[in-house]
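Student: Pasting in a structure now, in structure tokens, and then I'll have a few things to ask.
Derivation of every value follows stated rules applied to the coordinates shown; laboratory data play no part. Note that this is a predicted model, so its numbers are computed, not measured. Positions of Cβ are generated from backbone atoms using ideal geometry, with glycine treated the same way; all protein chains shown enter the neighbour counts.
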Amino acid sequence: MLRYIRWSAYTLIVVILVAWAAIWRYPNLLGGTVQTAISGVAGLAVPAGVSVGGPFALTDTNGHAVTDASYRGRWMLVYFGYTFCPDVCPTELQAVAAALDKLGPDAAKIAPLFITVDPERDTVAALADYVKLFDERLIGLTGTPDQISAAARAYRVYYAKATPKDSSSYLMDHSSFLYLMGPDGTFRALFRQGTSPQDLADGIRARMAAS
């Protein structure tokens with residue numbers, strides 16, 4: 001039974017990723033056209049009519065209640081992960097930190113958000129210590145399980161506790177994308193896992209210039 005549940009979770013991840021890929025490759029599947037992408041720079045668009053992002057109510061590493069509206073006027077670069085992540089999350093956060101360095105003064109226009117998918121272990125204090133390992137500018141956000149679930153749904157993020165579920169050393173399965181939201185809170189671009197810091201910086205700068 002345990003093996004079945006594990007494979008079911010993995011299968012769901014694959015289905016979600018294949019569905020995203022199909023939507024980007026064949027936008028007419030949804031009867032719409034792809035939102036304008038910027039030629040020559042990194043960053044994926046999504047089909048017209050597909051919403052990405054939305055309201056959230058979470059807690060930052062200072063213990064303050066924040067919402068998506070708290071970051072209006074700044075670009076949000078959003079990533080969902082968790083502090084016990086063994087490899088993917090650290091790699092992506094290192095890329096974000098390096099991209100911020102490459103952006104120079106433009107980095108001040110960005111709120112780089114790291115939203116946990118593991119609120120059970122990722123307390124305010126744990127997140128505060130974790131994000132500082134990568135960059136002082138990173139903003140860690142946690143919340144109740146319901147708050148995290150609502151934020152993940154808004155950004156179409158998959159996550160689930162992997163086996164062993166009854167251990168404090170469990171891992172989390174989760175999708176891995178960086179979401180760029182404009183100063184008005186609207187979706188602007190999606191960056192795949194593994195996007196280089198230079199490509200990430202170029203993609204962000206291009207969206208800033210186009211807005």
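Student: Counting alpha carbon pairs within less than 8 Å and at least 6 residues apart, what relative contact order, in whole percent, applies to region 92-211?
Tutor: Rounded, it is 26 percent for region 92-211.
Student: Between K161 and Q193, with labels modelled 7 Å along Cα→Cβ, what's the label distance in nm to one decimal, could you check?
Tutor: Going from the K161 label point to the Q193 one covers 2.1 nm.
Student: If I take R0 = 25 Å and measure r between the Cβ atoms of Q94 and S51 in this structure, what FRET efficiency does the formula 1/(1 + (r/R0)^6) give, to the nearest 0.05?
Tutor: 0.25
Student: Given 0.36 nm per residue, what is the gain on full extension from D173 to D146 after removing their alpha carbon distance, in nm?
Tutor: Contour length minus the Cα-Cα distance gives 7.9 nm.
Student: Another one. Tell me the label-point distance for the pair A125, S211, using the 7 Å Cα-to-Cβ offset, in nm and rounded to one decimal.
Tutor: 3.6 nm
Student: If Lys and Arg each add +1 and Asp and Glu each add -1, what is the summed charge of the other residues whose beta carbon sits under 13 Å from the beta carbon of G203?
Tutor: Net charge around G203: +2.
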